[in-house]
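Peer 1: I have a structure I would like to understand better, so I am pasting it below and will then ask my questions one at a time.
The values are calculated or read from the model by the stated rules, or taken from the named source; none is laboratory data. The structure displayed is predicted, hence computed values, not measured ones. We place every Cβ from the backbone using ideal geometry, glycine too, and count neighbours over all the protein chains shown. When the accessible area is computed, the model is the full protein with side chains, heavy atoms only, and any ligands, DNA or RNA have been set aside. Shrake-Rupley method; radii C 1.70, N 1.55, O 1.52, S 1.80 Å.
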Amino acid sequence: MFDIRITCDPADEPDIVQALTAAFDCDPITYHPAGDGHRLRLYTKAFHPTPTTPLADTPATPDA
């Protein structure tokens, strides 16, 4: 588990929330105004999703 805090433009908020929830299992995302009065701060706790393939079984990439 780890904490995430993102400061963003309000117009970017839907895309950011979608990306976060697609990448991680998240607690509910809370929204607060940023200190500048124009941007948003998004806060959540994220959990690493269970990998579909264990890391040890991931095929090695050849050296380039």
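Peer 1: For the list (1) over 16 Å from the mean Cα position of the chain (by Cα); (2) modelled with pLDDT under 90; (3) not β-branched (V, I, T), I need the number of the one condition that H32 fails.
Peer 2: (2)
Peer 1: Take region 35-54 and flag every residue that is modelled with pLDDT under 85 and exposed (fewer than 10 other Cβ atoms within 10 Å of the Cβ).
Peer 2: T50, P51, T52, T53, P54
Peer 1: If I ask for residues that are among the aliphatic types (A, V, I, L, M), under 10 Å from A46 (Cα atoms) and either open to solvent by less than 60 Å² (accessible area, probe 1.4 Å) or in a helix (DSSP H, G or I) (or both), which ones from region 1-28 would you list?
Peer 2: I4, L20, A23, listed by residue number.
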